[in-house]
Amino acid sequence: MGGAGAPDFFYREAQRLGYVARSAFKLLQIQKQYKLITPGSSVLDLGCAPGAWLQVACQNLGSIKNGGSVVGIDVKKVKVPSLHCDARVKTFCADVMNLPKHQVKALSPQHEGFSVILSDMCPPVSGITTKDAALSVELGMQAVDLAVGGAASAYAGGDTEPNELSDSACGADDNGILQAGGHLLVKLLESEDIQEFSRICKPLFRKVSWLRPKATRSSSREIYLICQGLKL
């Protein structure tokens, strides 16, 4: 989530409105502009601590009669916030870097995958710019791989045409868990390496955009990749 700093407008607003962190306003802005989450969506929130995005995601599912679900995963144990969340929200403690795709897919409704994948994962900031950026890319690539599987490696390396995939690369567990037409949101730390994400995702999604939300602290290098409409 955002770095430490003095309480500001977004911090105060989060407390006033019952959000567990100011980061709620990042997803609120993204949701207002891109409408990734709709009533009935199945949402996967990677790096869900402390739970603000769980709250925003659940709010955007609409009435409980619409159905839908929000699944949060984090290396920390995360208690589902009491405000803005209902029984459709569940959390699991696990390291996403070591989770097989089929285990994550099994957490989705009817094991059919998710319609929205949100990744707010961020490495512990060391202050060493290159190290932090490299770790951020690693986490981001894991989110992309979870979403689209072997299709990501097909476009890696800047190729405009997909590389040939070996039979082993096309195994059942290499299928992504994002449903056709689904959306992917990934947080990254700005560096020259993040353009690789555009090269990988642009051929796979209907629209790919970059956004730095207003609630991002001025000292932060966070930027979000927004991928809409998976083309399968």
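Odds and ends about this structure:
- Filter pass, Val43 being within 16 Å of Cys93 (Cα to Cα) and not charged (D, E, K, R): no
- Contact map, region 199-216: residues that are under 21 Å from Asp120 (Cβ atoms) paired with residues that are open to solvent by 20 Å² or more (accessible area, probe 1.4 Å) and among the hydroxyl-bearing types (Ser, Thr, Tyr), Cβ distance under 6 Å, separation 6+ or inter-chain. Pairs shown: Ile200/Tyr155.
- Inter-residue pairs, beta-carbon under 7 Å, first under 16 Å from Ala94 (Cα atoms) and in region 105-116, second surrounded by 21 or more Cβ atoms within 10 Å (Cβ to Cβ) and not β-branched (Val, Ile, Thr), 6+ apart: Lys105/Gly113; Ser108/Ser42; Ser108/Phe114
- Residue in region 122-129 that is modelled with pLDDT of 95 or more, hydroxyl-bearing (Ser, Thr, Tyr), part of a helix (DSSP H, G or I) and open to solvent by 10 Å² or more (accessible area, probe 1.4 Å) present: no
- The one condition in (1) modelled with pLDDT of 95 or more; (2) open to solvent by 40 Å² or more (accessible area, probe 1.4 Å); (3) over 21 Å from Gly176 (Cα atoms) that Asp193 fails to fulfil: (1)
- Sub-7 Å Cβ pairs linking a first residue in region 72-86 that is in contact (Cβ under 8 Å) with a residue 60 or more places away in the chain to a second residue that is open to solvent by less than 60 Å² (accessible area, probe 1.4 Å) and assigned to a loop (DSSP other than H, G, I, E, B), at least 6 apart or interchain, are Pro81/Gly51; Leu83/Gly18; His84/Gly18, ordered by first then second residue.
- Scanning region 175-198 for residues that are among the small types (Gly, Ala, Ser) and either in a loop (DSSP other than H, G, I, E, B) or in contact (Cβ under 8 Å) with a residue 60 or more places away in the chain (or both) yields Gly176, Gly181, Gly182, Ser191.
The values are calculated or read from the model by the stated rules, or taken from the named source; none is laboratory data. All of these numbers come straight from a predicted model, not from anything done at the bench. Note that each Cβ is placed from the backbone with ideal geometry, even for glycine, and that neighbours are counted across all protein chains shown. Surface accessibility is based on the protein's heavy atoms, side chains included, excluding ligands, DNA and RNA. Shrake-Rupley method; radii C 1.70, N 1.55, O 1.52, S 1.80 Å.
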